[in-house]
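Accompanying notes for the structure given below.
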C-alpha cells in the first residue's frame, strides 16, 4: 500500500468558521469557487459510529463533501479504470489518502471521478456529511462502481501513534 500526500485531482480546501455570540456560519461551496464546476444536487448523509459508509467511485461525477456534525475518517483510493469502467472489474491501485474531517475544523474535499471514497464515524454516535455533487443521481443508470469496503482492510482500523 502506498499512502500519498494527495492523489492527483483531489482538493482539500480548509473552510473558515465565523463565530460570534449568536452562533457560527461556514460557507461550504460557492459558485465562484475555483472548485465549482456545476450544480447537480445537495444531500446530507449520516453515518453511525464504527460503520463504514461507501467505498464507491464515479465515472463522471465530482463530489464536494464536508463533515457538518461529528468526526469522520475518510479513505480515498485511486482506481484502476478501464474505458468500460461500469461493466469492468475495477480495482484499487494501492495508492490512497487518509483524512480526518470534523465539524469543529471544517474542510471541503473535492473528489474527482475515478477515486474510490468512503468514511467511518468515530468519537461520536453519528456524523453528518454534506455532499454537493456536480451531477444529479440517476436512479436508472447510477454513475458509481462499488467495492467491498473491507477491500481496503486495515486502512479502516484505528492506528495509534
Shape call, the chain: gyration tensor on alpha carbons, a/c limit 1.5: oblate
Gap separating the Cα centres of segment 108-161 and segment 10-59, nearest whole Å: 13 Å
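Quick one: if the Förster radius is 30 Å, what FRET efficiency do residue 35 and residue 151 give, using the C-beta to C-beta distance and rounding to 0.05? Walk me through the intermediate numbers first.
Numbers: r = 28 Å, r/R0 = 0.93.
The computed FRET efficiency comes out at 0.60.
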Two-site FRET efficiency, residue 100 against residue 140, from Cβ-Cβ distance with R₀ of 25 Å, rounded to 0.05: 0.10
For 66, 102, order by how many other beta-carbon atoms lie within 10 Å, fewest first: 102, 66
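Please arrange 124, 6, 31, 67 by how many other C-beta atoms lie within 10 Å of their C-beta, fewest to most. Let's see the in-between values first.
Details: 124 16, 6 11, 31 8, 67 26.
Result, fewest neighbours first: 31, 6, 124, 67.
Taken together, the values in this text are just the output of simple stated rules run on the coordinates, not laboratory data. Just so we're clear, the structure is a prediction, and the values are computed from it rather than from any experiment. Here the Cβ is made from the backbone with ideal geometry for all residues, glycine too, and neighbour counts use every protein chain on show.
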